[in-house]
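Report on the structure given below.
The values are calculated or read from the model by the stated rules, or taken from the named source; none is laboratory data. The shown structure was predicted, so the numbers you read here are calculated from the model rather than taken from an experiment. Quick reminder, even Gly has a Cβ in these numbers, built from the backbone with ideal geometry, and neighbours come from all protein chains shown. Note: accessible area is taken over every heavy atom of the protein model, side chains too, but ligands, DNA and RNA are not part of it. Shrake-Rupley method; radii C 1.70, N 1.55, O 1.52, S 1.80 Å.
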Amino acid sequence: MTTPSPPNPTGPFSLARLAVMRSLAVASPHPGAAFAARRRRLHPSAADRDSISQRCWRCEKTRDRSFGSSLRVSHLPGTLHRDVSKNLLTPTAAVSVEEAEATADLPKGDMWSVHKFGGTCMGTSQRIQNVADIVLRDLSERKLVVVSAMSKVTDMMYNLVNKAQSRDDSYITALDEVFEKHMEAAKDLLAGEDLARFLSQLHADISNLKAMLRAIYIAGHATESFSDFVVGHGELWSAQMLSYAIKKSGTPCSWMDTREVLVVNPSGSNQVDPDYLESEKRLEQWFVRHPAETIIATGFIASTPDNIPTTLKRDGSDFSAAIIGSLVKARQVTIWTDVDGVFSADPRKVSEAVILSTLSYQEAWEMSYFGANVLHPRTIIPVMKYNIPIVIRNIFNTSAPGTMICQQPANENGDLDACVKAFATIDKLALVNVEGTGMAGVPGTASAIFGTVKDVGANVIMISQASSEHSICFAVPEKEVASVSAALHARFREALAAGRLSKVEVIHNCSILAAVGLRMASTPGVSATLFDALAKANINVRAISQGCSEYNITVVLKQEDCVRALRAAHSRFFLSKTTLAVGIVGPGLIGRTLLNQLKDQAAVLKENLNIDLRVMGITGSRTMVLSDIGIDLTQWKGKLQTEAETADLDKFVHHLSENHFFPNRVLVDCTADTSVASHYYDWLKKGIHVITPNKKANSGPLDRYLKLRTLQRASYTHYFYEATVGAGLPIISTLRGLLETGDKILRIEGIFSGTLSYIFNNFEGARTFSDVVAEAKEAGYTEPDPRDDLSGTDVARKVIILARESGLRLELSDIPVRSLVPEALRSCASADEYMQKLPSFDQDWASERNDAEAAGEVLRYVGVVDVINKKGQVELRRYKRDHPFAQLSGSDNIIAFTTSRYKEQPLIVRGPGAGAEVTAGGVFSDILRLASYLGAPS
């Protein structure tokens with residue numbers, strides 16, 4: 001082996017050139033006298049090595065960079081070694097350069113682990129010490145650590161250049177701030193000779209920077225290479241401080257100025273390509289001089305083939321780590337940051353986002369392209385070649401395992417959850433649609449379109465073309481769309497005038513949602529599941545693109561829908577099959593009972609059926625309580641008292657529809673309030689599902705009912721109201737099932753009131769009517785004022801609901817109702833007054849009961865829907881004792897459906913028809929039916 005020829009010290013970074021700069025203050029394309037001096041020490045000429053300096057150039061370098069107690073340096077023949085402690089010069093044994101290089105060949109392979117620490121990790125002296133501790137705890141045989149500048153320092157350095165070239169002399173003060181920041185950190189971290197050495201180097205660097213910035217200030221201009229040279233000092237100082245911190249523990253350590261090793265070629269705007277062969281060669285040469293087991297390397301900075309300082313541009317430190325990791329063929333590259341790993345979606349938009357344990361290189365690449373904070377795509381390229389995994393870990397939570405990005409086998413199970421790994425979005429886009437019949441089958445149209453876009457310099461994010469070739473649409477950043485549109489109109493002016501193109505249309509305020517995952521396209525059901533989730537969240541998709549790479553499905557949608565779409569898609573694939581955000585209106589008897597049922601059953605539903613119910617708000621008539629993630633139902637009563645705010649139904653609905661983290665939203669109206677029911681149409685129009693036992697909407701004005709049902713049928717929102725008739729009994733669903741299967745309803749007859757059922761089931765023998773009513777009131781079967789039940793209006797509302805469900809267009813006023821409240825008692829001022837006067841009518845009721853009993857019959861208060869004659873009625877009827885209606889007990893309801901199929905023997909539905917428990921159970925059943933419609937197991 002021969003000794004590599006050191007570079008010429010009189011090159012572009014010579015001290016002479018810096019002297020010219022200082023004297024003439026002329027901006028030069030080749031900065032860096034300090035860099036030149038450093039390179040002269042690293043690569044001395046023959047004259048340097050043979051000089052009378054009586055100093056060992058390799059040892060000098062080792063003292064500067066290795067800091068170890070056992071210096072493994074092979075000296076050149078005939079040189080002298082200076083004993084630093086005694087300041088004496090002693091001859092060294094003659095060892096050939098060939099022998100030196102033979103004993104210091106760069107080892108490669110799994111013995112290396114590479115760590116990268118960003119600016120946040122290096123932000124303070126304490127954090128730098130934490131980094132040192134992490135490095136020391138790594139038991140790998142060899143460690144290579146890449147560091148960024150301290151937090152905010154890179155921006156501070158760029159600001160220095162900007163101030164200087166703007167002739168703003170405050171750059172001097174700004175540079176002093178940079179100096180103070182590093183000096184204070186060093187004083188906290190280091191001591192003794194280590195501190196003195198670092199501060200000496202820091203003073204020298206700051207002095208050189210002042211001279212260079214003065215030249216830039218006078219010239220009013222800084223070339224890119226000047227700027228890169230200035231900015232790179234942040235990494236130099238970080239690496240030096242960390243190396244001293246590690247040295248304090250007694251661990252040998254070298255630090256590497258990666259401008260001496262990494263060689264890159266500019267390849268376009270804000271991008272460079274590494275020269276791997278030259279970089280590997282230089283790394284091997286560097287290692288000959290510094291064969292340490294722990295190396296601290298500067299991130300972000302590199303050199304051009306002409307040894308001009310440059311940077312690796314955006315995310316350069318990550319890129320540096322990946323390049324160096326590939327050069328040494330490391331076992332693993334660990335990127336330390338301030339999060340526990342890669343999230344399945346932006347956690348600022350989706351609070352339920354989860355940390356992914358693994359990602360394939362391709363998945364990480366796709367996520368990065370679509371704006372996810374993972375890694376820049378180019379960071380992945382160097383390590384892919386050697387299948388080196390990248391691990392993203394949290395320096396502030398070292399117990400978290402992080403996310404591993406690696407080569408993954410194809411998913412053989414076809415599992416949707418495994419195929420879709422994550423979701424990402426890009427905002428502030430515009431969609432450009434070029435459309436016309438003249439495009440079909442005409443070669444070169446697409447080339448002309450995108451050639452025009454290229455000439456403008458716009459970035460095309462996504463392309464979608466109809467198979468008919470009738471139109472092409474593509475997404476570009478909103479800030480670039482005006483120039484794109486103008487250029488296309490100019491380019492196709494003649495085609496537009498002639499009608500070959502019908503339009504060049506711009507759709508503003510768009511966003512992209514991308515679903516990313518390995519082999520998505522080859523797994524059946526992924527696209528269907530994604531678009532079903534978006535449709536059920538009432539999201540309109542503007543354009544779709546799916547590459548044959550099978551790694552992503554991309555959709556364009558309105559920017560205002562983007563977060564909701566992201567949550568809908570993420571919820572479908574990452575949370576339960578169905579996550580429902582629930583708003584409860586009316587925490588009265590039924591609402592309170594429903595909340596207790598939800599509390600008792602929510603955990604079971606989530607575990608067994610994967611249904612996640614989150615009560616996001618509860619509102620009464622005076623107060624309400626809201627939550628962004630779900631109210632703890634074990635404490636909802638206390639929260640409604642201690643954390644409540646003034647009730648505002650509009651604000652309550654807005655919170656549910658706009659400010660929650662879940663896409664499927666349902667409002668449950670547990671009131672009997674007409675004003676609340678009047679909002680159903682607007683809620684459904686907003687994409688909010690509605691569930692209610694409130695009869696007012698469906699029994700109100702016919703036109704409102706028809707409008708409500710038309711909207712519900714035309715949208716992906718659901719309106720369930722099983723509990724409006726028969727409490728928890730399946731009356732509505734049975735009726736719909738008969739109609740949907742082609743049966744014809746002839747007649748519906750039933751006892752629809754649990755209260756009146758109880759009264760007439762117990763109005764037997766010698767009991768008086770007033771006693772039975774008082775008993776029902778005491779047991780809680782009646783409303784506070786029993787006249788509300790005895791008037792028959794509630795039964796009439798149920799009759800009109802069933803009539804309308806059967807296809808009859810009737811108003812409530814079309815239903816004749818026999819009221820059980822005597823005319824003379826309807827004007828009583830209170831329920832108490834009514835109950836006091838009711839016994840005076842007991843004889844009339846006894847007479848009617850006795851007549852029925854004499855004929856072997858019983859009295860029953862029923863509602864009837866006569867579909868054949870298109871009418872309905874509510875009346876007191878007599879039935880034989882063997883009739884099903886005569887055999888009820890307690891507060892049971894019974895409904896008989898006479899249909900074409902069930903003509904001889906009606907279909908009977910019977911069961912409890914009153915009480916908070918069964919009514920709330922009916923509402924709960926509707927909530928679960930909604931969940932089933934949205935994808936939960938049915």
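Brief remarks follow.
- For the stretch 738-897, DSSP calls about 95 percent of its internal beta bridges antiparallel.
- Heavy atoms of LYS777: accessible area, 1.4 Å probe, square angstrom to 10: 70
- Of all lysines in the structure, those lying under 27 Å Cα to Cα from LYS639, and not within fewer than 8 positions of it along the same chain, are LYS349, LYS599, LYS606, LYS651.
- Spacing of the two label points (7 Å from each Cα toward its C-beta) at LEU589 and THR646, in nm: 3.1
- The stretch 716-788 - Debye-derived log10 I(q)/I(0), Cα point model, q = 0.23 Å⁻¹: -1.04
- If you look at the Cα atoms of the stretch 148-288, you get an Rg and a Dmax of 16.7, 47 Å.
- Here the simple spin-label model places points 7 Å from the Cα toward Cβ, and for SER166 and ASN387 these points are separated by 5.2 nm.
- Each Lys and Arg Cβ is given +1 and each Asp and Glu Cβ -1; about its Cα centre, the stretch 649-752 then shows a dipole of about 220 debye.
- Accessible-area ranking of HIS883, HIS376, largest first, probe 1.4 Å: HIS883, HIS376
- Computed lengthening from ALA779 to ASP703, 0.36 nm per intervening residue step minus Cα-Cα distance: 23.5 nm
- Additional length obtainable on full extension of the chain from LYS744 to GLU848, 0.36 nm per residue less Cα span: 33.8 nm
- Over all pairs of different C-alpha atoms in the stretch 440-545, the reciprocal of the mean inverse distance, the Kirkwood hydrodynamic radius, equals 15.9 Å.
- For the stretch 771-832, averaging the sequence separation of C-alpha pairs within contact (under 8 Å, six or more residues apart) and dividing by the residue count gives a relative contact order of 35 percent.
- log₁₀ of I(q)/I(0) at q = 0.10, 0.23, 0.25 Å⁻¹ - the stretch 627-729, Debye sum with one point per alpha carbon: -0.32, -1.33, -1.43
- Relative contact order (%) - the stretch 658-755, alpha-carbon pairs under 8 angstrom, separation at least six: 22
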